[in-house]
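Have a look at the structure below before the remarks.
The values are calculated or read from the model by the stated rules, or taken from the named source; none is laboratory data. None of these values were measured; they are calculated from a predicted model. Cβ placement follows ideal geometry from the backbone for every residue including glycine, while neighbour counts extend to all protein chains displayed.
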Amino acid sequence: MTNYTIGDYTVSDLVTDTIATPKNISVPDLKYATDYTKVLDASEEAKIANTTGPDLLSHENIRFARSEVSNIYVGVNSDSAMVLPQKKGVQVMCEISNTYRAANSVSGNEYDLPCKGRIVLRFPASTCVTETLVTDLLVRTIAAAFGTGSTNASRIMDLAMGALLPN
């Protein structure tokens, strides 16, 4: 993360990566205005459905949620002298439910493969938490899902097979 200053605060992360060259992954640019329709719009949750599928059912749904956190420091090892006076925070979530289809080229049988992915971020509700910090948190969260030097899902597949710790 690039350190930044906002108001009286200078914000920096407390880690240094051994490998300085970032990975590059292709991320699709979702066109919400034309490819999705609103399913739910409540105060702390919203859902949209992809309308570009081959039939009337949506095979992709995205859920967004937000909730207040009363004490962001619960479950965190922080020196009590380093705790913000304001302990409130926010938790946000993006979740995608996608159904893939597998077709057997020999038998002709087709099967639906329902899959779900979720990213949850939690951070203090403080003026020193900016988009830069949240972007760094998001990118590092995604990076944790990949193996060193890899941009494929091998780390996630290792997790699915029970190998919780990376090599």
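A few remarks follow.
- Some residue of segment 87-101 being surrounded by fewer than 13 Cβ atoms within 10 Å (Cβ to Cβ) and modelled with pLDDT under 95: yes
- Against the list (1) part of a helix (DSSP H, G or I); (2) touching a Ser or Thr at 6+ places or on another chain (Cβ under 7 Å); (3) not acidic (Asp, Glu), the condition residue 116 fails is (1).
- So residue 92, is it touching a residue at least 24 places away in the same chain (Cβ under 8 Å) and either touching a Phe, Trp or Tyr at 6+ places or on another chain (Cβ under 8 Å) or of a type outside the set (Lys, Arg) (or both): yes
- Taken over segment 1-59, the criterion of being under 27 Å from residue 128 (Cα atoms), among the acidic types (Asp, Glu) and free of Cβ contacts under 8 Å to residues at least 24 places away in the same chain is satisfied by 8, 17, 44, 45.
- Yes/no for residue 119 being within 15 Å of the chain's Cα centre (by Cα) and either within 25 Å of residue 139 (Cβ to Cβ) or of a type in the set (A, V, I, L, M) (or both): yes
- Residues in segment 13-43 that are of a type in the set (D, E, K, R) and over 22 Å from residue 60 (Cβ atoms): 13, 17, 23.
- Evaluated against (1) modelled with pLDDT under 95; (2) among the hydroxyl-bearing types (Ser, Thr, Tyr); (3) in a strand (DSSP E or B), residue 67 falls short on exactly one condition, (1).
For (1) out of contact with any helix residue (DSSP H, G or I) (no Cβ under 9 Å at 6 or more places or on another chain); (2) more than 20 Å from residue 100 (Cα to Cα); (3) not charged (D, E, K, R), each residue gets a yes or a no:
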{"site": "15", "(1), (2), (3)": "no, yes, yes"}
{"site": "22", "(1), (2), (3)": "no, yes, yes"}
{"site": "34", "(1), (2), (3)": "yes, yes, yes"}
{"site": "40", "(1), (2), (3)": "yes, yes, yes"}
{"site": "45", "(1), (2), (3)": "yes, yes, no"}
{"site": "51", "(1), (2), (3)": "no, no, yes"}
{"site": "54", "(1), (2), (3)": "yes, no, yes"}
{"site": "57", "(1), (2), (3)": "yes, no, yes"}
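- The one condition in (1) farther than 22 Å from residue 116 by Cβ; (2) out of contact with any Ser or Thr (no Cβ under 7 Å at 6 or more places or on another chain) that residue 4 fails to fulfil: (2)
- Verdict on residue 80 being touching a strand residue (DSSP E or B) at 6+ places or on another chain (Cβ under 9 Å), at pLDDT below 90 and small (Gly, Ala, Ser): no
- Selected residue (criterion: nearest to residue 127 (Cα to Cα)) from residues of segment 2-29 that are surrounded by 10 or more Cβ atoms within 10 Å (Cβ to Cβ) and not hydroxyl-bearing (Ser, Thr, Tyr): 6
- Any pair with Cβ under 9 angstrom, 6 or more apart, that starts in segment 113-134 at a residue that is loosely packed, with under 14 Cβ neighbours inside 10 Å and ends at one that is of a type in the set (Gly, Ala, Ser): 113/102; 114/97; 115/97; 116/97; 117/97; 120/65; 127/7
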